[in-house]
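Asker: This structure is in structure tokens; I'll ask about it shortly.
All of the numbers you see were taken from the coordinates with simple rules; none came from a lab. Values in this document were obtained by computation on a predicted structure and should not be read as measured data. Note that each Cβ is placed from the backbone with ideal geometry, even for glycine, and that neighbours are counted across all protein chains shown.
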Amino acid sequence: MKCRRSAVLTGLALLAFAPVTAPEVRAQDVLTFLRDEIGLSSGELEELQKGVAVSKIPKSADDREVDVFAVVRIAVPLEFFLEHVDDIESFVSRETTTLQVGLYGESPDVKDMVTLELPKGDIEALKKCKVEQCDVKLPAGTIEALHRQVNWSQPDYARQANAFMARELAVYLREYMSDGNAALATYDDKRDPLSVAEGFELLLGKTPYLIEYSAPFHVHLQRYPEARKNGVEDIFYWALEDFGLKATLTVNHVAIDRQPHVSLSGALIGRKQIYASHYFQAALDLLNAVSVSEDD
């Protein structure tokens, strides 16, 4: 099942069906959940069983938020999926929208983004960037440091700007890995500041299924690193993706729980987008993989 909140706020949840020799979950239980809790029609459930991906856009009371739910049947064993799910760099690079991608090490450093090359439009936007008047999402302190540390009169100012962003994002991620959501930015590119932490609280508060079925994983996403769930693998990566009018640079935290020990779940994966240069205040993706038997 996939469910995404986008626009200023975004989130995603996905349920994948994987055939196995011995069923772990009855297919009917999953279909009942999709019908009663998600509101899929009988026609949509029939399409799903044929292998067609089904999506739904629930109504949201918050006009800043877009929710998308999707579900698809995947013809591979869950074990195969779990063996490859942590190959984030390879997975993201296969997306047609991905321009650049890289993993962060245990202690994020500028070298982890040595290949970063911002679009020319972003470089020129940074050159003109002011607090409350900037075409790239940044906190006020970062905007002020940008003009102290980059010499825009030099011919290599683009190289300097790329190096500056790599340094700032490495520091930002290290602070997040130490202090969690308290370290998340407030974007001061416009007159109305946008808090990434507040965006996540809103998104996490609207995931009742996650809270009900796996409260420890929900807490892991909400209070990382203070309240980490044992056995959850945390991966951090950056990407430059072209899915809109402007290519967007993001920094992401992926949490993988291969043994959630809850019904209707074989694995849980959460992705928190902790920085985005355009469009998003916050983004939350949730993926739930479930095994069902081939003859269900």
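Asker: Rounded to the nearest 20 Debye, what is the dipole magnitude of the range 44-109 about its Cα centre when Lys and Arg each give +1 and Asp and Glu each give -1 at the C-beta?
Answerer: So the dipole magnitude of the range 44-109 works out to roughly 380 debye.
Asker: Further question on the same structure: Expressed in nm to one decimal, what extension gain is obtained for the pair Val131 and Lys111 from 0.36 nm per residue of sequence separation less their Cα-Cα distance?
Answerer: Extra length from Val131 to Lys111 when fully extended: 4.4 nm.
Asker: Separate question: Using the Cα centre of the range 66-169 as origin and beta-carbon charges of +1 (Lys, Arg) and -1 (Asp, Glu), tell me which of Pro108, Val136, Asn151 is placed farthest towards the positive end of the dipole.
Answerer: Asn151
Asker: Structure shown: which of Lys59/Lys137; Lys59/Lys246; Lys111/Lys272; Lys111/Lys206; Lys130/Lys272; Lys56/Lys127 lie over 29 Å apart, alpha-carbon to alpha-carbon?
Answerer: Lys111/Lys206; Lys56/Lys127, as the Cα separations exceed 29 Å there.
Asker: Considering the alpha-carbon set of the range 96-180 alone, what are its Rg and its Dmax in angstrom?
Answerer: Gyration radius and largest Cα-Cα distance of the range 96-180: 13.3, 38 Å.
Asker: Which distance in Å, rounded to a whole number, links the C-alpha centroids of the range 79-126 and the range 167-219?
Answerer: 20 Å
Asker: Moving to a separate point now. Over the range 135-240, what per residue volume does the convex hull of the Cα atoms give, in whole Å³?
Answerer: Hull volume normalised by residue count: 124 Å³.
Asker: What is the ratio of the Cα radius of gyration of the chain to 2.2 N^0.38 Å, with N the residue count, to two decimals?
Answerer: Taking N as the residue count of the chain, the ratio is 1.05.
Asker: Next up: Along each of its three principal axes, how wide is the spread of alpha-carbon positions in the range 195-237, in whole angstrom units, largest first?
Answerer: 26, 26, 19
Asker: Report, for the chain, the % of DSSP beta bridges that are antiparallel, rounded to 5.
Answerer: Here the antiparallel bridges make up roughly 70 percent for the chain.
Asker: How big is the charge dipole of the chain about its Cα centre, in debye rounded to the nearest 20, if each Lys and Arg gets +1 on its Cβ and each Asp and Glu gets -1 on its Cβ?
Answerer: Computed about the Cα centre, the dipole is about 720 debye.
Asker: What is the spin-label model distance, in nm, from Ile74 to Ser90 if the labels are put 7 Å beyond Cα along the C-beta direction?
Answerer: Modelled inter-label distance: 1.3 nm.
Asker: Of the GluC sites (Glu not before Pro) in the range 184-288, which ones lie in a loop per DSSP and count no more than 16 other C-beta atoms within 10 Å?
Answerer: Answer in residue order: Glu226.
Asker: Is the C-alpha gyration tensor of the range 70-128 telling us rounded, prolate or oblate? Criteria: a/c under 1.5 is rounded; beyond that, a/b larger than b/c is prolate, otherwise oblate.
Answerer: Oblate.
Asker: Under the rule of at least 5 residues apart or a separate chain, name every residue whose amide H is placed under 5 Å from the amide H of Val232.
Answerer: When sequence neighbours closer than 5 places are left aside, there are no close amide H contacts.
Asker: Then there's this: Put +1 on the Cβ of each Lys and Arg and -1 on the Cβ of each Asp and Glu in the range 23-128; which of Gly121, Gln28, Thr96 then has its Cα farthest toward the positive end of the dipole?
Answerer: Looking along the dipole axis, the top candidate is Gly121.
Asker: Let me know the volume per residue of the alpha-carbon convex hull for the range 40-189, in Å³.
Answerer: Cα-based convex hull of the range 40-189, divided per residue, equals 179 Å³.
Asker: Another question, then. Using the basic label-point model (7 angstrom from Cα toward the beta carbon), what is the Trp152 to Asp192 distance in nanometres?
Answerer: 2.7 nm
Asker: Give a residue-ordered list of calculated ³J(HN,Hα) values for the range 186-192 (Karplus: 6.51 cos²θ - 1.76 cosθ + 1.60, θ = phi - 60°; whole Hz; x for Gly, Pro).
Answerer: 10, 7, 10, 6, 10, 5, 9
Asker: A follow-up question, please. In Å, what is the Rg of the alpha-carbon atoms in the range 237-287, and how long is Dmax?
Answerer: 13.6, 42
Asker: Something else now. What full-extension length gain, to one decimal in nm, is calculated for His261 and Asp29 as 0.36 nm per residue of separation minus the Cα-Cα distance?
Answerer: 81.9 nm
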